[in-house]
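Notes for the one structure printed next.
The values are calculated or read from the model by the stated rules, or taken from the named source; none is laboratory data. Only a predicted model underlies this, so the values are computations on that prediction, with no experimental measurement involved. Here the Cβ positions follow ideal geometry from the backbone for every residue, glycine too, while neighbour counts run over all protein chains shown. For accessibility, only protein heavy atoms count, side chains too; no ligands or nucleic acids. Shrake-Rupley method; radii C 1.70, N 1.55, O 1.52, S 1.80 Å.
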Amino acid sequence: MPALALAQNNTFLVKAKLVGKDQMLNASLVYLNPAYHREEVEIKDGSFEFAGKIEDPVRASISVERRVQGKRKTEIYWIYLEPGTILLESATDLLADAKITGSKLNLDFKKLEAALKPLEENKKKLDVKSRAMSDSDRKNDVMMAEVQNKKEALEEEITGVYYEFYKKNPDSYLSIEALNKYVGKIFDYKTTAPLFDKLSSRVKATKAGKEMAEQLANLKKTDIGAVAPDFTQLDIAGKPVKLSDYKGKYVLVDFWASWCGPCRAENPNVLKAYNNYHSKGLEILGVSLDVESFRQAWIKAVEVDQLPWKQVSDLKLPNEAGKIYGINAIPQNVLVGPDGKVIAKNLMGDGLHSKLAEIFDKKS
């Protein structure tokens, strides 16, 4: 089928030809979006192919199983599926040596992958070194600070690679993913919206583009100075609680979940803030992103972490309140003033106490 016809009906075709001495047994294609899908085909004379239909580009893995010196070995190769024909041809039996044609997206992906590879390898080496540190080394503040600085420097370099790709390729589907990597899971409207606007209309029209546009729209509605959108969810006892029930008070809307390690680690800090400032007028409303199957875990986490304030959830995925507030990662929080307007967002650690002191210590 001609490549143009394939592209017009959203059909992808991956054709691979490998040449080598080892006995190649089968190939598997796996992709997770929009739903988990796996296919397996037999390799004949070094050739195999996969075909299917997709709306937007999808990241996928191709696994080739071969027999080497009597042992089975598997090679995993990452590509992006997109409408049209993707050709992989290798002069060896390794997909890693394959030349890609028919897909500019995959050519871009391999360039990005190559730019990230040395940084990712250095990150892995640093992680291995960190895990191998002795207890005495971990108690050495200078040594731990050095390791942390190296980690942060590497992360900055990695996000820099994503930013450069985004900047140079506004019409590439990879740029929406690169932008997501650059801004991180928790981002603000004022910083990210101008960057998103520079993407092409074609990229914005993809599912990933629409999702980011929706999140930005929600973040704009809940930006600092905006009136915090009201919502109603049930507490642990099954009684409805509204955000507007707290009108006239300072309320910290705390998004978390029982399964979220960083959330549980932050809970003692939030509890300390509550104990320090509740008598001065601070209220907290916990919004759990747990789902129905985690109801008991949610209840237990509230008990174990000794959280005395109201806890609510709709126990759905996604949580409707979280969606309204543009929450796609936790922990996050929103501080709402007595007038119902957002005062601050994502106050963690000492930053939470500093902001509350600024508000309440001035009043006393």
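Annotation: of all residues in segment 198-211 being open to solvent by 100 Å² or more (accessible area, probe 1.4 Å) and over 20 Å from the mean Cα position of the chain (by Cα), the one that is farthest from Ala178 (Cα to Cα) is Arg202. Number of residues in segment 49-71 that are in contact with a helix residue (DSSP H, G or I) (Cβ under 9 Å, 6 or more places away or on another chain), surrounded by 14 or more Cβ atoms within 10 Å (Cβ to Cβ) and not in a strand (DSSP E or B): the value is 2. Reported count of residues in segment 72-98, each being surrounded by 16 or more Cβ atoms within 10 Å (Cβ to Cβ), touching a residue at least 24 places away in the same chain (Cβ under 8 Å) and of a type in the set (Ser, Thr, Tyr), is 3. Considering each residue of segment 303-351, count those that are assigned to a loop (DSSP other than H, G, I, E, B), open to solvent by less than 40 Å² (accessible area, probe 1.4 Å) and on the phi > 0 side of the Ramachandran plot, and give that number. Residues in segment 303-351 being assigned to a loop (DSSP other than H, G, I, E, B), open to solvent by less than 40 Å² (accessible area, probe 1.4 Å) and on the phi > 0 side of the Ramachandran plot: 3 in total. In a residue-by-residue description of segment 153-174, the property of being in contact with a helix residue (DSSP H, G or I) (Cβ under 8 Å, 6 or more places away or on another chain), of a type in the set (Gly, Ala, Ser) and open to solvent by less than 60 Å² (accessible area, probe 1.4 Å) applies to at least one position. The helices (runs of 4 or more DSSP H) found entirely in segment 172-285 that carry 1 or more residues being of a type in the set (D, E, K, R), over 19 Å from Gly326 (Cα atoms) and touching a residue at least 40 places away in the same chain (Cβ under 8 Å) are 261-277. Just one residue in the set Ala51, Ala98 is within 29 Å of the chain's Cα centre (by Cα) and among the hydrophobic types (A, V, I, L, M, F, W, C); that residue is Ala51.
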